[in-house]
Structure formats: C-alpha cells, structure tokens
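Below is one structure; the comments refer to it alone.
The values are calculated or read from the model by the stated rules, or taken from the named source; none is laboratory data. For clarity, every value in this text was computed on a predicted model and none was experimentally measured. Reconstructed Cβ throughout: ideal geometry from the backbone, glycine too, with neighbour counts over all protein chains shown.
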C-alpha cells in the first residue's frame, strides 16, 4: 500500500504545486508585485529578497486526502486538482493570520511574513491568499466540473472557512480563561482542523 501511496504522491503533489504556482503567478520572476512576492515567500518558493528557492514540497496532507478521496469515489483526480490547490491555499491563509495572532516569529524554519514585513502587510497578504484560494476553486469550471457543483463546493468551502476562524477565535479566547470545558475545547479543535 505504501508504494501505491508513494506513487500517488509523486504524481499528484506536483500537479497541486503547479496549480498553486499558477494561481499565485509564481512563474514570473521577479514577482509581478510585492504582494505576490510575499505570498510566494510564505509558500517557500522565494527567499525574503524574492529570489527563487530550490523547489521543496511540504507534506500537503489536505490536498492529497482530497485527491485520494476523488479516486476512491471513482472520480478523476486530475479534475479535482484546483480544489486540492484551494484547500492548501486556504490552509496557508490561516497560517499567515495564525502567525500574527500567536506572535510567532518563525514557521517552517523561516521568519514569518509579519516578522519581516510587519503586521499590516502580512494581514493583507493573508487576505490575498484567501482570495487566491477562491480563484483556485473557481478553476474547477476549466476542468469540466459543472457550475452547480462549483457553487456547492464554494458554499462548503466558505462554511469550512467560517468554522476554521471560529475555532481560531475560540482558541484565542481560551488563552484568557481558566474554566474551559472539555466540550468547548473539542469544538475549538474541530473547527481549527
């Protein structure tokens, strides 16, 4: 089974990376603007001077699970690549904002956006990453997914984003409370994942 999973990963993850790079316009160097450079820095594609870095791929568990689910349901995983890219981009939007909220100076062994460029620009880059995730999801139309399915996916995507931010909101509130109940904690972590 692990060799099958390895084969899937070697095929699927580069397709997800290519889709994300296209959405974030990463094939233009230098970046088309400072904002795109910041987003590409966060993704690990550029250094802080916006010079390209050697390609390295993270685990990308969320997009991989989406694509494997498509395969197990009898679908074409290539048709689902834009949705997989959207999930990874929305995850990264949440990380940019989380780094600010948690006052984290580093992530993945590198300085965070806010630590280099300040909180206002980092918030803006996170917001742009949120919009880029939606652009990626809209690309399902280009893969012959019906408009009705795309609208349903966008609705579920937005509902999930709200649950994610509710989980983060509760997490921050819990920092000032000493009476957090187990049920509240479980609700919070469910929202954040």
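Structure data summary
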| quantity | calculated |
| --- | --- |
| Failed item in (1) within 21 Å of residue 34 (Cβ to Cβ); (2) in contact with a helix residue (DSSP H, G or I) (Cβ under 9 Å, 6 or more places away or on another chain); (3) surrounded by fewer than 17 Cβ atoms within 10 Å (Cβ to Cβ), with residue 93 passing the rest | (3) |
| Residue that is nearest to the chain's Cα centre (by Cα), among those in segment 166-187 that are under 23 Å from residue 87 (Cα atoms) and without any contact (Cβ under 8 Å) to a residue 12 or more places away in the chain | 169 |
| First in segment 99-121 and over 18 Å from residue 43 (Cβ atoms), second anywhere and at pLDDT 95 or above and part of a helix (DSSP H, G or I), Cβ under 7 Å, 6 or more apart | 105/115; 119/100 |
| Some residue of segment 144-153 being in a helix (DSSP H, G or I), within 20 Å of the chain's Cα centre (by Cα), without any contact (Cβ under 8 Å) to a residue 12 or more places away in the chain and farther than 21 Å from residue 97 by Cα | yes |
| Hits in segment 112-129 (condition: more than 13 Å from residue 35 (Cα to Cα) and within 18 Å of the chain's Cα centre (by Cα)) | 112 |
| Flag if residue 30 is free of Cβ contacts under 8 Å to residues at least 40 places away in the same chain and surrounded by fewer than 13 Cβ atoms within 10 Å (Cβ to Cβ) | no |
| Flag if residue 68 is touching a residue at least 24 places away in the same chain (Cβ under 8 Å) and in contact with a helix residue (DSSP H, G or I) (Cβ under 7 Å, 6 or more places away or on another chain) | yes |
| Tally, over segment 102-138, of residues that are closer than 30 Å to residue 149 by Cα and exposed (fewer than 14 other Cβ atoms within 10 Å of the Cβ) | 1 |
